[in-house]
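**Student:** To start, I am sharing the structure in question, which I have written as structure tokens.
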Amino acid sequence: MTEKTISIVTGATGAIGEAIARGLAEDHNNEVVIAARDENKAQNVINGIIQATGNQNVRYLLVDLSRRAEIFALADQWQGPLHLLVNNAAVSPRMRQESQDGIEIQFAVNVLGYVWMTDAFTPHLKAGAPARVVNVASYWAGDLDLDDLEFKRRPYRNGTAYRQSKQANRMLTVAFAERLNDFGISVNSCHPGDVSSKLSNDLGFGGIESPEQGAATPLWLATNPVGHEKTGRYFSDLREERCRFGENHQAIEKLYQICAQYS
Ligand SMILES: NC(=O)c1ccc[n+]([C@@H]2O[C@H](COP(=O)([O-])OP(=O)(O)OC[C@H]3O[C@@H](n4cnc5c(N)ncnc54)[C@H](OP(=O)(O)O)[C@@H]3O)[C@@H](O)[C@H]2O)c1
């Protein structure tokens, strides 16, 4: 008999995250928890997934991923092991916004949200090892400024802040992979696909792929043995790709240390 697994997917009230959660729930050995901020949307999504897959073990937990305290409270309440964490939630508002805690919102949700979820759930991932973290990043990445991560000095452009956040996802994947490898936890990042969504529309893109196509690589990393055999790597179209952002260890460690100060 196949082992039961329990997974958390963030951003599953959005296009790609919902398709990831549904794809995981197709296997009835998977219990799937979506971590969402909007209760009505979350309820609708899980109803749809349960109806589509017949898997009754799909539920939601409420959390604002821009807020460290809420994430750690969620992890404190979590009972038992966790086998898979898919960090996928992201925003890209056209005007600069701050979280309730005063952090530029793309840095808070897209970057610190991934960091805090991974940190907060590490004890549960250790208990579930072999376990995986899949960070949904993007090929559209760059412009990271370690001295101005919150766009306090640079003029805010949502595309620039977004590209920075996706570069950070790819860099921090390496930092976490190195720290969690000894505990049997792999950490990889990927480009999903180009899908029409609130996020991509805010960035001025329409998207040419279906949510299911966009979910294919994250799902593959979540379920295929390669997602455990490899760690600290970047994938696209079901293949590993060289990631230049994962090669600058000095910058990766500096970014990791800056993120650790947001506590
Ligand atoms: N779409 C693309 O073409 C594309 C391309 C490359 C990479 N990606 C990556 O794929 C991932 C998913 O993107 P998507 O296109 O599916 O975006 P999306 O449809 O806009 O979904 C974004 C998700 O993030 C959630 N979220 C935002 N802020 C949150 C917060 N503070 N707390 C909790 N949840 C929050 C949203 O919740 P609400 O429903 O409550 O707003 C929604 O579920 C992102 O990491 C993105 O960078 C997407």
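**Student:** Being surrounded by fewer than 24 Cβ atoms within 10 Å (Cβ to Cβ), more than 13 Å from the ligand (Cβ to nearest atom) and not β-branched (Val, Ile, Thr) is the filter; apply it to the stretch 1-24 and report the residue that is farthest from the chain's Cα centre (by Cα).
**Tutor:** The selected residue is MET1.
**Student:** Here are the criteria: (1) in a loop (DSSP other than H, G, I, E, B); (2) in contact with a strand residue (DSSP E or B) (Cβ under 7 Å, 6 or more places away or on another chain). Tell me which single one GLN100 does not satisfy.
**Tutor:** (2)
Every residue, every condition in (1) under 16 Å from the mean Cα position of the chain (by Cα); (2) at pLDDT 95 or above; (3) of a type in the set (S, T, N, Q), yes or no:
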{"residue": "ALA120", "(1), (2), (3)": "yes, yes, no"}
{"residue": "LYS126", "(1), (2), (3)": "no, yes, no"}
{"residue": "VAL133", "(1), (2), (3)": "yes, yes, no"}
{"residue": "SER165", "(1), (2), (3)": "yes, yes, yes"}
{"residue": "GLY184", "(1), (2), (3)": "no, yes, no"}
{"residue": "HIS191", "(1), (2), (3)": "yes, yes, no"}
{"residue": "PHE205", "(1), (2), (3)": "no, yes, no"}
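**Student:** Right, something else. Name, by its number, the condition in (1) in contact with a Ser or Thr (Cβ under 6 Å, 6 or more places away or on another chain); (2) part of a loop (DSSP other than H, G, I, E, B) that does not hold for PHE235.
**Tutor:** For PHE235, the exception is condition (2).
**Student:** Under 6 Å between Cβ atoms, at least 6 apart or on separate chains: pull out the pairs that start in the stretch 184-213 with a residue that is under 13 Å from VAL136 (Cβ atoms) and touching a residue at least 60 places away in the same chain (Cβ under 8 Å) and end on any residue that is more than 9 Å from the ligand (Cβ to nearest atom) and assigned to a loop (DSSP other than H, G, I, E, B).
**Tutor:** Partner pairs satisfying both residue conditions: VAL187/THR231.
For (1) of a type in the set (Asp, Glu); (2) in contact with a strand residue (DSSP E or B) (Cβ under 9 Å, 6 or more places away or on another chain), each residue gets a yes or a no:
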{"site": "ASN181", "(1), (2)": "no, yes"}
{"site": "ASN188", "(1), (2)": "no, yes"}
{"site": "HIS191", "(1), (2)": "no, yes"}
{"site": "SER200", "(1), (2)": "no, no"}
{"site": "GLY214", "(1), (2)": "no, yes"}
{"site": "ALA222", "(1), (2)": "no, yes"}
{"site": "SER236", "(1), (2)": "no, yes"}
{"site": "GLU253", "(1), (2)": "yes, no"}
{"site": "SER263", "(1), (2)": "no, no"}
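The values are calculated or read from the model by the stated rules, or taken from the named source; none is laboratory data. Note that the structure is a prediction, hence the values are computed from the model and not measured. In this analysis, Cβ positions are derived from the backbone assuming ideal geometry, glycine residues included, and neighbour counts consider all displayed protein chains.
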